[in-house]
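For reference, the structure discussed in these notes is given below.
The values are calculated or read from the model by the stated rules, or taken from the named source; none is laboratory data. What you see is a predicted model, and the numbers here were worked out from it, not measured in a lab. Cβ atoms come from the backbone with ideal geometry, glycine included; neighbour counts cover every protein chain shown. Areas reflect the complete protein model, heavy atoms only, side chains present, ligands, DNA and RNA absent. Shrake-Rupley method; radii C 1.70, N 1.55, O 1.52, S 1.80 Å.
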Amino acid sequence: MTKSPQELELMAGSGRLLASVFTWLDGLTLAGMSTLEVNDRVEAFIVDELGARPASKGQYGYGFVLNASINAVVCHGVPSADEILKTGDIVNLDITLEKNGFIADSSKTYMIGEVSPAAKRLVRTTYEAMWKGIRVVKPGATLGDIGYAIESHAKKAGYSVVRDFCGHGIGREMHEDPQILHFGKPGRGLTLKEGMTFTIEPMLNQGRAGTETADDGWTVTTIDGKLSAQFEHTVAVTKDGVRVLTLRPDEKAAA
């Protein structure tokens, strides 16, 4: 589950490229675009501009380079020409990228135009919860410490944490050990060691934590139709703490 210093640098290279995809997306006007158009533009940017491979396309039979999960969709939203982003929506764009044999994975929930105060609060709290989890990462900490930090912040704000999906180890493969739960108890679970790389990607719901999967086998929604938000970074355990491999330039203050 650990990577060598050389492997970590290759992963960091993939992470920087993926961060640049989100920086580029930040400059687009998403309102009025279909989720399929977003997918196609992201694919062209990754392949043509970055010379990298969209790691999600073709994996497990999935035909797209990203997931676009709107409003009550928790995760794995499938891009569609008929799904048009509009003012008031929140949409999580989950993107992976492979370069030089190593994969990076990250996601961001975008607020389209002016969204409701309740949606803003959910998105903000989810982002904060991700960072609560990231900040406890260091050698000697446990997976339970990460989950507890995330869940405590979510519950304090009145939100539930999705339990049906979790973060994961990552490297040459998209999904490696260990699984990273976004709930837990301090001191429980696997102890972190220098060189481990994994994702932290909490999904917070306005209502109940339960989810259901659509007939397409991919799209996961909240069981009560209320909003869900998610953020994700790929991180590495360092000698002294944590390195966020997919950190975007606008996040330097948060780190």
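Mean-square fluctuation check for the chain, GNM, Cα pairs under 10 Å: which of 180, 134, 84 is largest?
84
Find, among the trypsin sites (Lys or Arg not before Pro) in the stretch 178-233, those assigned to loop by DSSP (not H, G, I, E, B) with at most 16 other beta-carbon atoms within 10 angstrom.
Passing both the DSSP loop test and the Cβ count: 188, 193, 208.
Which pairs break 18 Å Cα to Cα here: 193/252; 99/252; 156/252; 132/156; 99/239; 3/185?
As for pairs spanning more than 18 Å Cα to Cα, those are 193/252; 99/252; 156/252; 99/239; 3/185.
Keeping every protein chain present and rolling a 1.4 Å probe, give me the accessible area per residue for the chain in Å².
Solvent-accessible surface per residue comes out at 43 Å².
Considering only C-alpha atoms, what is the centroid distance from the stretch 19-50 to the stretch 120-186, in Å?
The distance from the Cα centre of the stretch 19-50 to that of the stretch 120-186 comes to 27 Å.
In a shell of Cβ-Cβ distance under 12 Å around residue 81, excluding residue 81 itself, what net charge do Lys and Arg (+1) and Asp and Glu (-1) give?
Residues close to residue 81 contribute a combined charge of -4.
Of all the accessible heavy-atom surface of the stretch 25-153, with the other protein chains kept in place and a 1.4 Å probe, what percent is carbon and sulfur?
Carbon plus sulfur share of accessible area: 52 percent.
Hey, if you put +1 on the Cβ of every Lys and Arg and -1 on every Asp and Glu Cβ in the stretch 1-51, which of 31, 12, 2 ends up farthest toward the positive end of that dipole?
The residue sitting farthest along the positive end of the dipole is 2.
Would you work out the charge dipole size for the stretch 143-205 about its Cα centre, treating the Cβ of every Lys and Arg as +1 and the Cβ of every Asp and Glu as -1, and quote it to the nearest 20 debye?
With Lys and Arg at +1 and Asp and Glu at -1, about 300 debye.
Would you mind telling me which residue in 99, 108, 239 has the biggest mean-square fluctuation in a Gaussian network model of the chain, where springs connect alpha carbons within a distance under 10 angstrom?
239
Using Cα springs under 10 Å in a Gaussian network model of the chain, which residue among 98, 49, 212 shows the largest mean-square fluctuation?
49
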